1. Across the range 1-37, what is the total count of residues that are within 14 Å of Asn80 (Cβ to Cβ) and not β-branched (Val, Ile, Thr)?
2. Return the residues of the range 17-74 that are assigned to a strand (DSSP E or B) and among the small types (Gly, Ala, Ser); say none if nothing qualifies.
3. Quick one: which residue in Tyr107, Tyr125, Tyr101 is of a type outside the set (A, V, I, L, M, F, W, C), surrounded by 15 or more Cβ atoms within 10 Å (Cβ to Cβ) and touching a residue at least 60 places away in the same chain (Cβ under 8 Å)?
4. Taking the stated definitions as given, is Asp132 outside the structural domain of Leu9 (by TED's automatic domain parsing) and out of contact with any His (no Cβ under 9 Å at 6 or more places or on another chain)?
5. Pick out the one residue from Gly140, Gly174, Gly170, Gly146 that is assigned by TED's automatic domain parsing to the domain that holds Ile121, touching a residue at least 12 places away in the same chain (Cβ under 8 Å) and either over 20 Å from Phe120 (Cα atoms) or aromatic (Phe, Trp, Tyr) (or both).
6. Please verify whether Ile12 is touching a Pro at 6+ places or on another chain (Cβ under 9 Å), farther than 24 Å from Gly206 by Cα and not assigned by TED's automatic domain parsing to the domain that holds Thr195, treating the condition exactly as stated.
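The values are calculated or read from the model by the stated rules, or taken from the named source; none is laboratory data. Bear in mind the structure is a predicted one, so any value in this text is a computation, not a measurement. Because the Cβ atoms are built from the backbone with ideal geometry, glycine has one as well, and the counts that use them run over all protein chains shown.
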Amino acid sequence: MDKELKVLLNIISQYLTTEDCGEVEFDFDSYSMNCTSGSRVYCNGKQISLPLDITKPLERFMDSIEGELDQEIGDSEVYNYTVKLNPEDRSLTVIANYTVYGTDGPYEEELIAIEACEQFIEDGYSGVLIFDFNGGGDSGYVEDDGISRDSDEKVKLNKKAEEVCYSLLGNFGGWEINEGSSGQIFFDLDTKNATLEFTWNTEETGEEEEGVWKF
């Protein structure tokens, strides 16, 4: 950390102490290292303007330590960094923010599907038929092509079965939006039931402390 930044940070820290502000934060793009939050910070639940604009000196600081920072954590790419300025202990803490992908489920729903199963039988199929579905990004669909669990034979979704699939999915509002969902729908042609195995896709923000710099 260069001398100019230390001087500026000490001035800012004195101001924050006067305003009874605790830790304040600045956000930085992980690719350009540009400050995306500007010179206004949150203090006691409201935004305030700092007496000095330190975004450029902070950007130079982030550029100087870029080689020390994680670009990826596990299988996830770091999408931005948060710099926390603590006026009490005169420190900058750099946090890497990344996305953690996961799942929630599976959950099951069952529905009597006599007409759909009878149509499958009429089409020459038997046993248990399996169809995949996927949802996310404001759209979702059930695959038209499925397989027979017993023979791995490819099967086609009929109109009645398609209606059953979307009726089952309707029990999970929002299955096709944002992170979405995935799973399978099973048609048992002997019992004439349809069973949905449903799993939510999840996204959460992970944080990793990259280091603490005193000034």
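1. 12
2. Ser49
3. Result of the check over Tyr107, Tyr125, Tyr101: Tyr125.
4. Yes.
5. When all the criteria are applied, what remains is Gly140.
6. Here the answer is yes, as Ile12 does meet what is asked.
Table: residues versus (1) of a type in the set (S, T, N, Q); (2) at pLDDT 95 or above; (3) not in a loop (DSSP other than H, G, I, E, B).
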| site | (1), (2), (3) |
| --- | --- |
| Phe131 | no, yes, yes |
| Cys165 | no, yes, yes |
| Trp175 | no, yes, no |
| Gly183 | no, yes, yes |
| Phe186 | no, yes, yes |
| Asp190 | no, yes, no |
| Glu204 | no, no, yes |
